[in-house]
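Colleague: I'd like to ask you about the structure that follows.
No value in this document is a laboratory result; all are computed from the given coordinates. These numbers were taken from a predicted model, which means no experiment stands behind them. With ideal geometry, Cβ positions are generated from the backbone for all residues, glycine too; neighbour counts draw on all protein chains shown.
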Amino acid sequence: MNNCLATDMVPASNSNCGATHRRFGHVRCRQARIWLVSLVGALLTISLRSQSMAAESAPTAADSGQQIDELEVTTRKQTALDAEAISLSDTPDAEPSVGGKTSIVAGLAARYAPVYDGSKKSKVSPFPYVDIHGLFHDRVFISDIRGIGFNIVDQAPFRAGMSFNYGGGRTSSDSPRLRGLPDIKAAAAVSGFMTYSLKPFAFELKVGRELGSQPGTEVELGASLGMAPTPRWHVSVGTQLNWHDAKFNQKYFGVTAAEAAQATASGNVLTAYDPKSSLGTFGMTATSVYAMTEHWGLVTRLGFRDLIGSSVKNSPLTERPFGVDFAVGAIYKF
């Protein structure tokens, strides 16, 4: 810049060399001015673009904050819904989370069901229910249906453990088709299970062994869906597929030659039958619990069971392979 000013002030009386110098000086001056204008323009352009980008990014940040707030609100609502819902499910992983707290539910229902799988005769009987889970950081559960269980492996969403139960059995006086046959006594059973939870779904593989004088093995594959459409209403839907070994089928569907002769002498004509291992039943169960108050709830349970294995369907004790199981009652959540 200073050189440009000095060149412009050279007198006109200078030599031709001076005139030439002035011409070159004017050229350099014009180039410098052009460069200066370009630099200022570039700086202005960068500044305007920066402001534009900042203005555009501001709404994005606000949107992100709004999305986070909405997610937090949704999470809190779901947590509250899970805590308020009274739930019943054959698979504990399908029930709403209780947030590390112990959940205790007790109830009594009237149950209408076949007297045994394959019977055409049904009866109404009391159905007490107890379900406790969340014990010892959700390591232990107690259930009328599942027995006493322990989650030995608890690596969410995968669990594995063992359970102990007592039940089963059958009374010959319940059905004319069983007349003359010995009663089947209730027995202890031990099971190993694996569950995988993919909320709201849960999948389970269970292998059970009935103990006592007539041991038998049963394998069950099940899946369930648990949902709470409202904080007061919880629904659980499940399906089960069973497989029985030959000893299990012999216990509940088999007839020895001596038993057939005794039944026939009692007026119940039966032939000897020695079943093999096979698929047992395919079933579906739907449970609905409506919380009338914070503690009291109304429960309904509807189940369908179908004998699908050839060894159990062809048994002389099987009168009707398809059966309906229905229960209605009240439960109390402590």
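Colleague: Using Cβ contacts closer than 10 Å as the measure, can you line up E294, E259, E210 from fewest to most? The partial results should precede the final answer.
Modeller: On the way: E294 10, E259 16, E210 22.
With the sparsest Cβ surroundings first, the list reads E294, E259, E210.
Colleague: So for F203, F141, fewest C-beta neighbours within 10 Å to most, what's the order?
Modeller: By the 10 Å Cβ count, ascending: F203, F141.
Colleague: Please state, as a whole number in µm²/s, the translational diffusion coefficient that the Stokes-Einstein equation yields for the range 189-334 at 37 °C and 0.692 mPa s, with Rh defined as the Kirkwood radius across alpha carbon pairs.
Modeller: Roughly 186 µm²/s, to the nearest whole number.
Colleague: Moving on to the next point. Using Cα-Cα distances under 8 Å and only pairs 6 or more residues apart, what relative contact order does the range 88-333 have, in percent?
Modeller: Taking the mean separation of contacting Cα pairs over the length of the range 88-333, I get 19 percent.
Colleague: Measure up K247/K313; K101/K333; K251/K276; K206/K333; K276/K313 against 18 Å on the Cα-Cα distance and list the ones that go over. Intermediate results must be reported in sequence, preceding the final value.
Modeller: Values: K247/K313 16 Å; K101/K333 13 Å; K251/K276 11 Å; K206/K333 28 Å; K276/K313 12 Å.
From the list (K247/K313; K101/K333; K251/K276; K206/K333; K276/K313), the Cα-Cα distance tops 18 Å for K206/K333.
Colleague: With charges set only on the Cβ (+1 for Lys and Arg, -1 for Asp and Glu), what does the dipole of the range 252-334 come to about its Cα centre, in debye to the nearest 20?
Modeller: 140
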